[in-house]
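The values are calculated or read from the model by the stated rules, or taken from the named source; none is laboratory data. This one's a predicted model, so the numbers in the text were calculated from it and none came from an experiment. With ideal geometry, Cβ positions are generated from the backbone for all residues, glycine too; neighbour counts draw on all protein chains shown.
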Amino acid sequence: MSAVEAVVDSVDSQAGAQQELPFAMVYGQAVTEMPLDLYIPPDALEVFLEAFEGPLDLLLYLIRKQNINILDIPVAEITRQYMGYVELMQSVRLELAAEYLVMAAMLAEIKSRMLLPRSAEVEAEEDDPRAELIRRLQEYERFKGAAEGIDGLSRVGRDVVVPKLDAPEARARKLLPDVSLEELLMSMAEVLRRGDMFESHQVSREALSTRERMSDVLERLKGGGFVPFVELFTAEEGRLGVVVTFMAILELVKESLVELVQNEPFAAIHVRARAE
């Protein structure tokens, strides 16, 4: 066997070993051979290697790809490449945004203005047709660079993970205040003083009548003799009865219906009705 035949046999054996490897698993079963009735549509898989955020992003990509100075853009070449990308998007039935079509029209206008012959005077008065496009590209390049710089910063949740640890349950010990007996008494007095400020006093109608008590006193003095002053009061009536009885006696003295007699200072007082 020659060396060439040995190499061919080795390659065939390796190919046979590779063919035994499954290239798919269907319902848990390994598939090592391509099915004969398998149909794959031509447009089943479409791959886009480049994605652009807008027409300015596409122009900036084309300029960087060709290593062109942004201040001296060859409009004809850039327009050709731009239209090629737009036609590619149309061929894959991708709906074009209005900005791409507007930029294509703008490039065509700039290209036509640069191709038309102009006199020296008109060329000196008019600005470069590419000036507005260059300004927009420079501004977009600055913002895109700033966005890439911000995206490169460390981000919580993506680049930085903040550790989180639950704090142990803290049990605070409540310290009782050191209060002396004198401070306690002063606080109690202050509480009582504030309580007096909110104390209410209810005035009710007098249950005993002075006029009725005057009639009662005259009834008891009807015999004409002296009656001790203290016997006219009833202890069961309480303070209100004492006050009403005393006021009734004073009214009777004022109207000269009764008289009071006292033999000496601090001696017992006697009351009797005056004779008509």
Original post:
within 14 Å of Leu257 (Cα to Cα) and either in the same structural domain as Val244 (by TED's automatic domain parsing) or without any contact (Cβ under 8 Å) to a residue 40 or more places away in the chain (or both), is that true of Phe198?
Top reply: no
Subject >> Pairs where the first residue, in the stretch 237-263, is in contact (Cβ under 8 Å) with a residue 24 or more places away in the chain and at negative phi and the second is surrounded by 14 or more Cβ atoms within 10 Å (Cβ to Cβ) and in a strand (DSSP E or B), C-beta under 6 Å, 6+ apart >> reply: Leu252/Val258; Val258/Val271; Val258/Ala273; Leu260/Val271; Val261/His270
Subject >> First in the stretch 143-160 and surrounded by 10 or more Cβ atoms within 10 Å (Cβ to Cβ), second anywhere and not in a loop (DSSP other than H, G, I, E, B), Cβ under 9 Å, 6 or more apart >> reply: Lys144/Leu56; Lys144/Asp57; Lys144/Leu60
